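> This structure is in structure tokens; I'll ask about it shortly.
The values are calculated or read from the model by the stated rules, or taken from the named source; none is laboratory data. Predicted model only: the values in this text are computed from it and were never measured. Glycine also receives a Cβ, built like all others from the backbone with ideal geometry; neighbour counts cover every protein chain displayed.
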Amino acid sequence: MNGSKTLLTSYVSQPGEIKTSSGKTLRTDEMIINMGPQHPSTHGVLRLEIVVDGEIIVDVIPHIGYLHRCFEKHAEHMTNYQQVIPYADRMDYVAAMNMEQGYAVAMERMLKIEVPERVEYIRVIMAELQRIASHLVAVGTFGIDAGAFTPFLYAFHDRERILDLFEMTCGARLLYNYIWVGGLSHDLPPQFIDKAKEFCKYYRPRIKEFNDLLTYNEIFVKRTANVGVLPKDVAINYACSGPMLRASGVNWDLRRDDPYSVYDRFEWEPQVGKGEMGTVGDTWDRHIVRMREIEQSVNIIEQALAGIPEGNVQAAIPKRIRPERGEIYARTEAPRGEIGYYIVSDGSTTPFRVKARSPAFVNLSVLPEISRGAMLADLVLIAAGVDIVLGEVDR
Amino acid sequence: MTAEQVFTSLKAKFGDAVLEAKLDALQPWILVVPERMKEVALFLRDDPAMQFDYLMCLSGMDYNDGKLGVVYHLFSTVHRHKIVLKVQCAKETPHVQSVSAVWGTANWHEREAYDLLGIIFDEHPDLRRILLPDDWGGYPLRKDYRVPEFYNGVKVPY
Amino acid sequence: MGLLDKQFQNGNVLVTSLDTLLNWARLSSLWQMQWGLACCAIEMMATSASNFDIMRFGVIPRATPRQVDVLFVAGTVTLKMASRIKRLYDQMAEPRYVLSMGSCANCGGPYWEHGYHVLKGVDRVIPVDVYVPGCPPRPEALLEGIIKLQEKVRKESLVKKSA
């Protein structure tokens, strides 16, 4: 559809020159390699146009939009505010619960709704379970990109257990439409709390097993440490968020620093990259931050399960949503980082404009900065370390 | 720093370039002229009292009254305060100064606003369509957009 | 059906036995293209993992279209992606099959009305053998789709044109 000649306008190839010992200049040419959109290691339909000088990456130009599903247009055309939620699900299909929660939080702030405590607790449990499931997909496929298939099987085996919990709650495995503005679509089924506790107990030792298998594997460390280093100031300038920002040494987590829901009642710590295997902000740090966040999520879930109060989960759901003329930007912490919804109301029953600030879109925009000078083979790992989901990159 | 203080110091520094502020809104915002957006952005980022170093979100808008606009949600990781900036421009001449040199993240956000709403960001290093194909016609998020019947020989509507 | 396709005017014992052998070989090793488009691709990955184990049907992911027999279109096809899918399909060797997974690939799914950039069904650009409904289909549904495809392959013949 778009030929290669139109795509290269941003980059003018400049052949390099090498001085030999006798003082002659040798001209070298750069080569352009296309990776994607159907490449198996691009995590969906991302296309990377790579300019290489031998094995060294000179520049990377990401081409996105192969999964642009017009979320914002749909949001404007729905017949009411609740109908946006299924589309929010499909934006980040690996972490649908977190997407729903972000939208619900934004709408509740706009409408000034107080949701019942039970709802908040269930949302926290669901959001953290989803965070584990999402990180499992991330680290599992990360293993595949590093050439290790077994971690993928381990990760997906444990993920299925989480999906079973979701399924018994709302009937869906992947896209839930569970968290509604003001409440939830269903209350928890009676066996849920026991099953979830059982899962936490089962899962804790599995984290260590997974770490032994992949994280501290000699080859894996060699391939990811000191690769794709993202310095702190660049990360902030590019508005990176989530594990990407924390791996660069910024102690920043919206659950603690821009509080929403009931996260302040639990004991947990945001995880920060320390450069244990190489430099702060390298690809290995991003991986270990995700692994440690999984542990923290299990902590939160256990505390929330122990303290869950009784209540009616649908009590605060408004019959008809008609916010006053106005606008809001609210952000929450999704597994990939800051998911922000900018919602503008014109006083009618449908949104005038919904803009989703998706974390992976912003995190991906820093990819050229962190991959220049790296080896071509490392690019797959750098891209996997960013943990993109093309559904939310393209929306 | 409150929105009112930000507005006062912006007004003192830039005078007419700062048009108005709505300080009683849910999230207070300040309206700036599009031709001097970059100056204002640089000041907001570098002034020691402000230090808005984190551009949370940049959204293009079609207000459906002949005006397009851009909304900037800013945050300071140092002082932990927020502010919302807005610019508006006529639909016929949708020119806004780019802030991608100020915040790196604005680069893609601005390309998206150009792609979906047709807002032209002056001095942007690489203003191309980002989500839609290069040969796409029109700007889909404008309120008067009509979906094309065919695209490259493929029927588009259901 | 490749080299021998429709080279025989009438069926006979030899051709029928050859049919059975070829079809058995084909349906037992439907190699799949390793790629995904959207949400359904996550369910496809879950199907490849240990709990559902798609490989027991002989479905092995391959990284290039030249080696694959079946193309799973798992997810929303956008207009920007449509020409790439056509190209991938053209690169596959005959006999080739397409399994359209999920409502988006079948008909546009939830994006059928306002999705200005969504192709309303992948069958507008390439022929589809099996449609698997669902948003997204469960792994069991995908497995049933594969069994349906195997049934289709089993009925093919060197003599008559397949349905």
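> Across the stretch C:20-55, which residue is nearest to the other protein chains (Cβ to nearest Cβ) among those that are free of Cβ contacts under 8 Å to residues at least 60 places away in the same chain, outside any loop (DSSP other than H, G, I, E, B) and within 17 Å of residue C:93 (Cβ to Cβ)?
The residue in question is C:33.
> So, in the stretch A:350-378, of the ones that are β-branched (Val, Ile, Thr) and within 20 Å of residue A:99 (Cβ to Cβ), which residue ends up nearest to the other protein chains (Cβ to nearest Cβ)?
A:362
> Kindly establish whether residue B:102 is touching a Lys or Arg at 6+ places or on another chain (Cβ under 6 Å) and either within 7 Å of another protein chain (Cβ to nearest Cβ) or closer than 25 Å to residue A:337 by Cβ (or both).
The answer is yes for residue B:102.
> Quick check on the stretch C:100-107. Is at least one of its residues at pLDDT 90 or above, within 14 Å of chain B (Cβ to nearest Cβ) and over 16 Å from residue C:85 (Cβ atoms)?
yes
> So, one more: Go through (1) within 14 Å of chain A (Cβ to nearest Cβ); (2) over 25 Å from residue A:137 (Cβ atoms) one by one and return the number of the condition residue C:97 breaks.
Looking at each condition in turn, residue C:97 falls short on (1).
> Another question, if that's okay. Could you list all residues from the stretch B:137-158 that are out of contact with any strand residue (DSSP E or B) (no Cβ under 7 Å at 6 or more places or on another chain), within 10 Å of chain A (Cβ to nearest Cβ), more than 22 Å from residue C:126 (Cα to Cα) and crowded, with 18+ Cβ neighbours inside 10 Å?
B:140
> Among A:207, A:193, which is the only one that is surrounded by 14 or more Cβ atoms within 10 Å (Cβ to Cβ), within 30 Å of residue A:108 (Cα to Cα) and out of contact with any Lys or Arg (no Cβ under 6 Å at 6 or more places or on another chain)?
None of the others qualify; the one that does is A:193.
> Return yes or no: is residue A:178 surrounded by 19 or more Cβ atoms within 10 Å (Cβ to Cβ) and in contact with a strand residue (DSSP E or B) (Cβ under 8 Å, 6 or more places away or on another chain)?
It is true that residue A:178 is surrounded by 19 or more Cβ atoms within 10 Å (Cβ to Cβ) and in contact with a strand residue (DSSP E or B) (Cβ under 8 Å, 6 or more places away or on another chain).
> Can you report the number of residues in the stretch A:367-392 which are crowded, with 24+ Cβ neighbours inside 10 Å and over 20 Å from the mean Cα position of the chain (by Cα)?
0
> Among (1) touching a Pro at 6+ places or on another chain (Cβ under 7 Å); (2) within 12 Å of another protein chain (Cβ to nearest Cβ), where does residue B:96 come up short?
(2)
> Check off (1) assigned to a loop (DSSP other than H, G, I, E, B); (2) surrounded by 20 or more Cβ atoms within 10 Å (Cβ to Cβ); (3) at the interface with chain A (Cβ under 10 Å from one of its Cβ atoms) for residue B:60 and give me the number that stays unchecked.
All conditions pass for residue B:60, except number (1).
> Please verify whether the stretch C:140-156 includes one or more residues that are in contact with a helix residue (DSSP H, G or I) (Cβ under 8 Å, 6 or more places away or on another chain), modelled with pLDDT of 90 or more and either closer than 20 Å to residue A:91 by Cβ or not in a helix (DSSP H, G or I) (or both).
No, every residue in the stretch C:140-156 fails to be in contact with a helix residue (DSSP H, G or I) (Cβ under 8 Å, 6 or more places away or on another chain), modelled with pLDDT of 90 or more and either closer than 20 Å to residue A:91 by Cβ or not in a helix (DSSP H, G or I) (or both).
> Sort through A:33, A:113, A:61 and tell me the only one that's part of a loop (DSSP other than H, G, I, E, B), in contact (Cβ under 8 Å) with a residue 40 or more places away in the chain and surrounded by fewer than 24 Cβ atoms within 10 Å (Cβ to Cβ).
That would be A:113, the only listed residue that is part of a loop (DSSP other than H, G, I, E, B), in contact (Cβ under 8 Å) with a residue 40 or more places away in the chain and surrounded by fewer than 24 Cβ atoms within 10 Å (Cβ to Cβ).
> Here is a further query. Please work out if residue A:165 is under 19 Å from residue A:315 (Cβ atoms), modelled with pLDDT of 90 or more and assigned by TED's automatic domain parsing to the domain that holds residue A:212.
In short, no.
> May I pose another question? Do we have any residue at all in the stretch A:324-338 that's assigned to a loop (DSSP other than H, G, I, E, B), more than 12 Å from chain B (Cβ to nearest Cβ) and modelled with pLDDT under 90?
Checked the stretch A:324-338: no residue is assigned to a loop (DSSP other than H, G, I, E, B), more than 12 Å from chain B (Cβ to nearest Cβ) and modelled with pLDDT under 90.
> If residue A:296 satisfies all but one of (1) assigned to a loop (DSSP other than H, G, I, E, B); (2) of a type outside the set (Phe, Trp, Tyr); (3) surrounded by fewer than 22 Cβ atoms within 10 Å (Cβ to Cβ); (4) on the phi < 0 side of the Ramachandran plot, what's the number of the condition it fails?
Of everything listed in (1) assigned to a loop (DSSP other than H, G, I, E, B); (2) of a type outside the set (Phe, Trp, Tyr); (3) surrounded by fewer than 22 Cβ atoms within 10 Å (Cβ to Cβ); (4) on the phi < 0 side of the Ramachandran plot, residue A:296 misses just condition (1).
> Separate question: Would a scan of the stretch A:320-329 turn up a residue that is among the aliphatic types (A, V, I, L, M), surrounded by fewer than 24 Cβ atoms within 10 Å (Cβ to Cβ), closer than 24 Å to residue A:100 by Cβ and in contact (Cβ under 8 Å) with a residue 12 or more places away in the chain?
The answer is yes; a qualifying residue exists.
> I would also like to ask the following. From B:142, B:146, B:111, grab the single residue that is within 30 Å of residue B:17 (Cα to Cα) and in a loop (DSSP other than H, G, I, E, B).
It is B:142.
> Applying the selection to the stretch A:218-246, what residues are over 16 Å from residue B:75 (Cβ atoms) and in contact with a Cys (Cβ under 9 Å, 6 or more places away or on another chain)?
Answer for the stretch A:218-246, where residues must be over 16 Å from residue B:75 (Cβ atoms) and in contact with a Cys (Cβ under 9 Å, 6 or more places away or on another chain): A:230, A:234.
> Among the residues that make up the stretch C:56-66, is at least one of them part of a helix (DSSP H, G or I), within 12 Å of another protein chain (Cβ to nearest Cβ) and at pLDDT below 90?
Yes; the residues of the stretch C:56-66 include at least one that is part of a helix (DSSP H, G or I), within 12 Å of another protein chain (Cβ to nearest Cβ) and at pLDDT below 90.
> Considering each residue of the stretch C:125-146, count those that are surrounded by fewer than 16 Cβ atoms within 10 Å (Cβ to Cβ) and over 11 Å from the mean Cα position of the chain (by Cα), and give that number.
The qualifying residues number 3.
> Right, next: Looking at residue A:155, is it of a type in the set (A, V, I, L, M, F, W, C) and either under 25 Å from residue A:311 (Cβ atoms) or touching a strand residue (DSSP E or B) at 6+ places or on another chain (Cβ under 7 Å) (or both)?
Answer is no for this residue.
> Being closer than 21 Å to residue A:390 by Cβ and not acidic (Asp, Glu), is that true of even one residue in the stretch C:51-60?
There is no residue in the stretch C:51-60 that is closer than 21 Å to residue A:390 by Cβ and not acidic (Asp, Glu).
> Anything in the stretch A:101-142 that is of a type in the set (Ser, Thr, Tyr) and over 14 Å from residue A:260 (Cβ atoms)? List them, or say none.
Matches in the stretch A:101-142: A:134, A:141.
> Tell me, which residue of the stretch A:73-89 that is in contact (Cβ under 8 Å) with a residue 24 or more places away in the chain and surrounded by fewer than 22 Cβ atoms within 10 Å (Cβ to Cβ) is farthest from residue B:64 (Cα to Cα)?
This residue is A:86.
> Oh, and also: Do any residues in the stretch A:205-226 that are more than 13 Å from residue A:278 (Cβ to Cβ) have Cβ atoms under 6 Å from those of residues that are of a type in the set (Ser, Thr, Tyr) and assigned to a helix (DSSP H, G or I), where the two are at least six apart or on different chains, and which pairs are they?
A:210/A:154
> Then there's this: Looking at B:41, B:113, B:49, can you tell me which residue is aliphatic (A, V, I, L, M), surrounded by fewer than 23 Cβ atoms within 10 Å (Cβ to Cβ) and either more than 8 Å from chain A (Cβ to nearest Cβ) or within 21 Å of residue A:340 (Cβ to Cβ) (or both)?
Selected residue: B:49, the only one of B:41, B:113, B:49 that is aliphatic (A, V, I, L, M), surrounded by fewer than 23 Cβ atoms within 10 Å (Cβ to Cβ) and either more than 8 Å from chain A (Cβ to nearest Cβ) or within 21 Å of residue A:340 (Cβ to Cβ) (or both).
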